[in-house]
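Undergrad: Here it is: the structure, laid out below.
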Amino acid sequence: MLAEISNRCETVEECYEFMLAYAAQGLPSDQGSKSGGEVRVFLQRAVKALTGLAETCAMAVKEESLEPAAKYAAFFAVLDRDARDSLAAIDLVLAQPAISSQLIDNLNASIHLRALLTDLFLVDEIVRKQDKAAAQVVTSEGE
């Protein structure tokens, strides 16, 4: 479960990095260029990664018996709000007949997306620490 969370975080981070490059290209539309053809794919992957992310995190906390569970639950409520707000913005962009670099630049600047990315950096760091701690326990038990 922790690996799935890490993969979802990475997918959204990759989308954001792609969008930064796309925004810098000054394209009037997503039609007729290689990166234009990819922008919708990256956005759709991000939508898939964000959908149900907070629930997946909550299940992982339960499975891993992470404490204090109430602190995790409170944060996942924030993550859920930020993910839903970001999904609304991404869905709006995907609904447009043409996705320009300027439109993506505006999406990148969205406070909702920035809050989400900060949430994901935090979650990803915690997941990495938990994975590392679990690996150490397994290693020490095998000795």
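Undergrad: Please specify each residue of segment 71-128 satisfying the condition of being surrounded by fewer than 17 Cβ atoms within 10 Å (Cβ to Cβ), among the small types (Gly, Ala, Ser) and more than 17 Å from the chain's Cα centre (by Cα).
TA: Residues satisfying the conditions are ALA73, ALA74, ALA95, ALA98.
Undergrad: Does SER86 qualify as being closer than 15 Å to GLU13 by Cβ and modelled with pLDDT of 95 or more? Steps first, answer last, please.
TA: On the way: closer than 15 Å to GLU13 by Cβ: yes; modelled with pLDDT of 95 or more: yes.
Considered against the rule, which asks whether it is closer than 15 Å to GLU13 by Cβ and modelled with pLDDT of 95 or more, SER86 comes out as yes.
Undergrad: Can you tell me which of ASP82, ASP105, ASP91 is among the acidic types (Asp, Glu), assigned to a helix (DSSP H, G or I), in contact (Cβ under 8 Å) with a residue 24 or more places away in the chain and in contact with an Asp or Glu (Cβ under 8 Å, 6 or more places away or on another chain)?
TA: On the way: ASP105 fails: in contact with an Asp or Glu (Cβ under 8 Å, 6 or more places away or on another chain); ASP91 fails: in contact with an Asp or Glu (Cβ under 8 Å, 6 or more places away or on another chain).
None of the others qualify; the one that does is ASP82.
Undergrad: Over 12 Å from the mean Cα position of the chain (by Cα), in a helix (DSSP H, G or I) and at pLDDT below 90: which single residue out of GLY32, GLY37 fits that description?
TA: Working: GLY32 fails: in a helix (DSSP H, G or I).
Of the residues listed, the single one that is over 12 Å from the mean Cα position of the chain (by Cα), in a helix (DSSP H, G or I) and at pLDDT below 90 is GLY37.
The values are calculated or read from the model by the stated rules, or taken from the named source; none is laboratory data. From a predicted model like this one, the values you see are computed outputs, not experimental measurements. Using ideal geometry, Cβ is built from the backbone for each residue, glycine included, and neighbour counts are taken over all protein chains shown.
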